[in-house]
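These notes are about the structure you will find just below.
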């Protein structure tokens, strides 16, 4: 899809491509394009390169050190960086807690945290889900008791993505048990080095410890780390989730993966000819591409017609975007076929790296496929998103 209908946007896309061509390290590009595992150092390295160009806050206003880009410019940046094979800018700081601090934080919080988010001096994680409070997030029980100028935290978070790397956590805590369960929740900013916090990695079926249990035992958090008002955290949480669910749609990444799928299908031969020429496969791929095009148009429509977080419309983008991602990885595994099997077996036996044996193009597909099984669960499961759409968009 060509969105460059003005000279300004054409020039902006050229500038973006020129920057990516010269600034993106080849080893990072190779990792992304071949579905190899990226570690914290990879993400931080690219973030700081982008920050040096002044583009780390692609969606941020100028007053907070952002680019001030229009939604179309942000979309072009996402498009081009994804297609070029750039690592993502980790969303927990820039796309999630950053907008919350801008909208609801104190001036002191803005001065302290926003520059450190842009520079990647702080790596953030998200303290939302708990045992028994995942899709029903308002059932969370992590207790925060006010004692003088501190809150004392006791309880647990789980499925906390990349908490083992994090310097900071934005965390939902229970400060009251009165009234509706949504009314007793507050939004705190935590230093992960605070005594009493312990992190235990959880190994996923892709063989990687990408999520964690986080335990809190008499953890003292200064009251000045409260965002907004006490017991208003549910409002801030919903605002943040709107930003998260919009970014989870992942249009740029899916466009890159579609190109990879086409290349893979062109290389695989079935009954003497490339698989991409098979009518049944071609139909499956065409249907998926059409759905991706429709998703892209919807993302742009929502981005240009809503101010701030898109609210319940983000659920539409999250459902469709994650389903597209899963169908892409499913088709990739089908195309790879037996070539992916050695990697599959090796991962199940716990003895593989992402590049173990076999065809290099298929080496990262098994972990990518397994990782993608979670996309329709994290950030709010598909069932929850459909309820939101029914109630708040369709007014059923």
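Here are some notes:
- Just so you know, in the range 298-316 the residues that are within 21 Å of residue 388 (Cβ to Cβ) and surrounded by fewer than 15 Cβ atoms within 10 Å (Cβ to Cβ) include one that is modelled with the highest pLDDT, and it is 301.
- Residue in the range 339-357 that is on the phi < 0 side of the Ramachandran plot and at pLDDT 80 or above present: no
- Residue 179 being surrounded by fewer than 15 Cβ atoms within 10 Å (Cβ to Cβ) and not assigned by TED's automatic domain parsing to the domain that holds residue 304: yes
- Matching residues, the range 202-221, being surrounded by fewer than 15 Cβ atoms within 10 Å (Cβ to Cβ) and either farther than 29 Å from residue 314 by Cβ or not assigned by TED's automatic domain parsing to the domain that holds residue 169 (or both): 203, 217, 218, 220
- Across the range 119-136, the number of residues qualifying as more than 23 Å from residue 109 (Cβ to Cβ) and buried (at least 18 other Cβ atoms within 10 Å of the Cβ) comes to 4.
- Counted as qualifying within the range 110-206 are the strands (runs of 3 or more DSSP E) with 2 or more residues that are within 18 Å of residue 96 (Cβ to Cβ) and modelled with pLDDT of 95 or more, namely 124-127, 168-174, 185-191.
- Within the option set 280, 319, being in the same structural domain as residue 387 (by TED's automatic domain parsing) and within 22 Å of the chain's Cα centre (by Cα) holds for one residue only, 319.
- Under the condition of being touching a residue at least 40 places away in the same chain (Cβ under 8 Å) and under 23 Å from residue 112 (Cα atoms), the residues counted in the range 40-60 number 11.
- Test: residue in the range 28-45 that is surrounded by fewer than 18 Cβ atoms within 10 Å (Cβ to Cβ) and at positive phi: no
- Residue within the range 51-61 that is outside any loop (DSSP other than H, G, I, E, B), buried (at least 17 other Cβ atoms within 10 Å of the Cβ), within 21 Å of the chain's Cα centre (by Cα) and at pLDDT 95 or above present: yes
The values are calculated or read from the model by the stated rules, or taken from the named source; none is laboratory data. Note that the structure is predicted; figures quoted are calculated from it, not measured. Neighbour counts are summed over all protein chains in view; Cβ atoms, including those assigned to glycine, are modelled from backbone coordinates with ideal geometry.
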